[in-house]
Amino acid sequence: MIDGLTGALLHIFTPMPFLYVLIGTVAGIVVGAIPGLSGAMLIALTLPLTFYMEPVNAIVLLIGMYVGSITGGLITATLLRMPGTPSNVVTTFDGHPMAMAGRPGRALGLGIAASFMGGLVSWVVLLFLAKPLSIWATRFGPFEYFTLILMAMVLIASVSQGSMVKGLVAGFLGMLVSMPGVDPSAGQPRLTWDWYVLNGGLKLLPVLIGIFAVSQVIGDIVTIGKRMERVETRVSGMLMTVKDWRDQMWNMLRSSAIGTAVGILPGIGASIGSIMAYTTARNMSRRPEEYGKGSEEGIVASEAANNATIGGALIPLIAMGIPGSVIDAILIGALMIHSITPGPTLFITNSDVVWAMIAAALVANVVMYVVMMGSVRVVARIMYVPRTFMLPVILVFCVIGTFALDNTMFDVWVMLAFGVLGFAMEKGGFPLGPFVIGFVLAPLMEEKLRSGLMMTAGSIEPIFTRPLPLIFLLISILLLLLPAFRAWRVARSARRRLDARADGASS
Amino acid sequence: MVITARWALGVSLFFILGCLAVLWETRDIPPGTFEPLGSAPVPQATALLIIALSLAVAARSWRTLTGGERDPAPEIVDEARPLDAVVTGVLTVIYVAVLGAHVLDFAPLTALYLILTIGYLIRFRVRGLVLAALVAVIMGWGAAFVFTRLFVVDLPGL
Amino acid sequence: MVLNFTRSVALATAVLAGLSTAAHAEWPEKPIKVIVPFKAGGTSDQVVRAFQAAIQENDLLPQPLTVVNVGGHFSIGARQVMEAQPDGYTFLSLHIALMGGEGGGIFDFGYRDFEPVATTGEFCVLPVVRKDSGIDSVDELLQKAKDEPDTLLFGANLGAINHMGGILLQNLVDGAKFRFVQIGGGTANFTALTGNQTNASVLSAAEVANFTRNPDGTEIADTQIKPLAYTGAERVEGLPDVPTMQELGYDMTYCVQSWWFAPKGTPQEAIDGVADALQKATQTDRVKKFYDDKMFGPVFLRGEEMAASLDDTWARIEPVAKQAAQK
């Protein structure tokens, strides 16, 4: 193992492979940071280019892009409240308030350090536990998935800010919007109004770009006339101090572990990892009231987890040939073009490629950290680019990015429509976070439930008889009750204080 | 508060209409054969939940608008410029429609769109326009170059 | 004035008409688009890209072939090509899913709405079960499906290729019935079988070889699955010990061919031009290597031959597609 790894590392540090890691990571960061463009699009578009490259160069380039794009998305999530990729949605909850409070450097610094840490933790797991973990992951049946996703869904209630009812409406609406198209559980179209373009449904990226980026652009244009209160910006506090590391270490490790575990499970990706880590951090925090208003812990949890899913998702890919995420499926395509088929024998047939992938995941993570830290000062100035120029340019990026993803103009119209919807929802006080979570999770949840029912001929008994589903179900119930319990305790202590004061007054 | 309530009322009514359309569309989805649920119940249940919750939101917003729960502070005069958003929106819709109609090439069309939109937002100040033209040209031809030459994809347009 | 206008319109039309015939005369004068109605990276995409590279490397066409991936449901990309200008610059690459969708009533168009261009290569599938299932042959599998109908869990992507494969299998014996479970494509089914969640599925030859064989052809020690038979006409080179269905006495072949189509009305010279280039490309090392890697059969059809083969496949697949769609 040591031989393979050091060999691959030495190889990566020869000029060409290193150049590819560097190009990939930087391109990933840039594309991830531009609202409207996404890592998945970049990697899909780069795939044909890798055709004429050495296999190792091709794979390190793509892995660099993967790592870079997930991290780059945090820049605009923090500074403009436009998440660059779906996995950065949760980062906007705390990153943007903190940046608006005049500490964009601090917010970015925390996010970058957490990303680095998340990448590192999952990389170590990838290195040592790839085989046993991916075999464990194959035992995850439909009911395990269903209850796991149910658990994540319950979190919708706890991440919504403001009115609970409006949060629920937004969450259910996200679920509903994900349902048109050919229903995978029956192979039949539904909710298409006999219109063939809806057979493919409303896709994640157009909806996401619309509801976050475009709606934010509309909102910014409306307020363009307002004099921006020029917040005092300090880019200081970027590098985390020893105390910061000590305070955040446990949170980082836990969030990275959650991200890695979610990454290993095939088919569910970085966004779920960051949601779960964020909510766990909030539920275990001593200062849960700060979440959503610029909590440092919140940024750390979200970013550590979404980067950890990268290493996690590579685990089943390398050990079994099973893609752990959408981007991994494209990576498999890139390998196939070079006559390399990921599968259980990949270590035997193409160990150089496997080690290159593992080494690239590490090197790209380090490159990402250095590049991001080096450029934060410049990047933070995005906040001061005149909006009159920036917003139309962002709109053009949104149009190109949405179109290039699947080559249909319909997606562009979907994006614009959801931009307007997102703007109206924001105005009406409906939170957008739950909408996206519902949109991402509902199709999986329904498909897994119905697959499970197909297996058992209609019985949901395994949920109660198998250990993991039962645990997930219990945790979901607990999570549902926790906020209510908290509220009750707060109310009780307030009443006691009141009683005590009343007693004091009467005596 | 009043503004939010007004929007919330409109949005929740819109949701209710949308959900009614969904319920209508699910009326003749066949029941499942491989499992008891089929394709219809999940969207139906979701739509019904949204309707119920939206009614609650609408009722509450209605009370805010009509009831005595007026904010004690006078409404702050909004400096917002909704007209800007409308004009930008119309320009964007025209831009996308023309792209989809394949009558003009991507690069000049994008440049034109950017000059018009940025120009309008800066009220056609001459100094700003020069910069806008520069940005427009870079974006138009730059993006066309990156996407059609580097990545071999078809941009919309001609 | 009015007259003038009409005349100029007439003139313009004539000029345009002249231009377009001139364009046809010099086909191809611009890059040729091939729409792959799936995301980049899948098998269909790899087929087209292998041909694209072979054509480029050997200058088989004077203009480049550009691959356009249209994601979402495959009917969207197919429909785009059906409605595209039949100017000889738009083509479609698709497989049996087109017939599955039409037969199942998912959409109301089909292979007859396109001009057939060429068939390039095919892969056939293998029924697979878990090693510890106690099932050692297709006979035993179907017997069990008959003795205990609706209990063997068959992983499939409902309405898709592997689902139709499963239906063809159970149709071989009266009364045999699998219980189909929505799992997904080949890799997802391998995962489900390995995790003991399902009992059977069909996988492509390349998938079986990849998941069960070492590079030297021996079996991987800890693999959980085994193939029972091959649905091609002859044994596949990479899995020489697996019998064909026909050897076992079952009249079943189920192979998925890559079809290239053009919109109806595409000029014949464009169709022939692309078909020529594809035919030459099948003789290149790049495509040969690709066929070997993916264990594709090197079938190549065009013109009347292809049209007849499509009709034949439709006759076999339509009823199965109906069954798959539960109608």
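The values are calculated or read from the model by the stated rules, or taken from the named source; none is laboratory data. All figures in this text were calculated on a predicted structure; none of them were measured in a lab. Reconstructed Cβ throughout: ideal geometry from the backbone, glycine too, with neighbour counts over all protein chains shown.
Per-structure values
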item: Which numbered condition C:A270 misses (of (1) touching a Cys at 6+ places or on another chain (Cβ under 8 Å); (2) buried (at least 21 other Cβ atoms within 10 Å of the Cβ)); result: (1)
item: Residue satisfying all of: in the stretch C:298-327; within 14 Å of chain B (Cβ to nearest Cβ) and surrounded by fewer than 16 Cβ atoms within 10 Å (Cβ to Cβ); nearest to the chain's Cα centre (by Cα) among these; result: C:K322
item: Any chance C:L60 is more than 10 Å from every other protein chain (Cβ to nearest Cβ), in contact with a Pro (Cβ under 8 Å, 6 or more places away or on another chain) and touching a residue at least 40 places away in the same chain (Cβ under 8 Å); result: no
item: Pair list, Cβ under 9 Å, 6 or more apart: the stretch B:120-139 residue more than 8 Å from every other protein chain (Cβ to nearest Cβ), other residue outside any helix (DSSP H, G or I); result: B:L129/B:I122
item: Residue check, C:A145 within 10 Å of chain A (Cβ to nearest Cβ) and crowded, with 21+ Cβ neighbours inside 10 Å; result: no
item: Residue check for C:T244: farther than 21 Å from C:P116 by Cβ, surrounded by 16 or more Cβ atoms within 10 Å (Cβ to Cβ) and free of Cβ contacts under 8 Å to residues at least 60 places away in the same chain; result: yes
item: Hits in the stretch C:46-57 (condition: more than 11 Å from chain A (Cβ to nearest Cβ) and either of a type in the set (D, E, K, R) or closer than 19 Å to C:E29 by Cα (or both)); result: C:I55
item: Members of the stretch B:38-58 that are closer than 16 Å to B:D28 by Cα, more than 9 Å from chain A (Cβ to nearest Cβ) and touching a residue at least 12 places away in the same chain (Cβ under 8 Å); result: B:Q44
item: Sole residue being under 30 Å from A:M164 (Cα atoms), at pLDDT below 75 and not polar (S, T, N, Q), chosen from A:A502, A:A487; result: A:A487
item: Some residue of the stretch A:492-503 being out of contact with any Leu (no Cβ under 6 Å at 6 or more places or on another chain), basic (K, R) and touching a residue at least 40 places away in the same chain (Cβ under 8 Å); result: no
item: Test set (1) among the β-branched types (V, I, T); (2) part of a helix (DSSP H, G or I); (3) farther than 27 Å from A:G111 by Cβ - A:I460 fails condition number; result: (2)
item: Some residue of the stretch A:350-368 being in contact with a helix residue (DSSP H, G or I) (Cβ under 9 Å, 6 or more places away or on another chain), outside any helix (DSSP H, G or I) and not basic (K, R); result: yes
item: Any pair with Cβ under 8 angstrom, 6 or more apart, that starts in the stretch C:150-177 at a residue that is within 14 Å of chain A (Cβ to nearest Cβ) and ends at one that is basic (K, R) and part of a helix (DSSP H, G or I); result: C:L152/C:K144; C:K177/C:K146
item: All helices (runs of 4 or more DSSP H) inside the stretch A:1-86 with 3 or more residues being modelled with pLDDT of 85 or more and of a type in the set (A, V, I, L, M, F, W, C); result: A:15-33, A:55-79
item: When residues of the stretch A:147-166 are limited to those that are surrounded by fewer than 24 Cβ atoms within 10 Å (Cβ to Cβ) and either within 11 Å of another protein chain (Cβ to nearest Cβ) or touching a Pro at 6+ places or on another chain (Cβ under 7 Å) (or both), the one modelled with the highest pLDDT; result: A:V165
item: Qualifying helices (runs of 4 or more DSSP H) (wholly inside the stretch A:256-345; at least 1 residues being within 13 Å of chain C (Cβ to nearest Cβ)); result: A:296-320, A:326-337
item: When residues of the stretch C:274-289 are limited to those that are closer than 22 Å to C:P116 by Cβ and not small (G, A, S), the one nearest to the other protein chains (Cβ to nearest Cβ); result: C:V287
item: Given (1) surrounded by fewer than 19 Cβ atoms within 10 Å (Cβ to Cβ); (2) of a type in the set (F, W, Y); (3) in the same structural domain as C:I317 (by TED's automatic domain parsing), number of the condition C:Y250 does not satisfy; result: (3)
item: Those residues of the stretch B:11-37 which are acidic (D, E) and within 10 Å of chain A (Cβ to nearest Cβ), in sequence order; result: B:E25, B:E35
item: Residue match in the stretch C:285-297 (condition: at pLDDT 95 or above and either more than 17 Å from the chain's Cα centre (by Cα) or surrounded by fewer than 21 Cβ atoms within 10 Å (Cβ to Cβ) (or both)); result: no
item: Residues located in the stretch C:82-113, provided they are within 12 Å of the chain's Cα centre (by Cα) and hydroxyl-bearing (S, T, Y); result: C:S93
item: Options C:A156, C:A221, C:A176, C:A229: the member that is among the small types (G, A, S), modelled with pLDDT of 90 or more and more than 24 Å from the chain's Cα centre (by Cα); result: C:A176
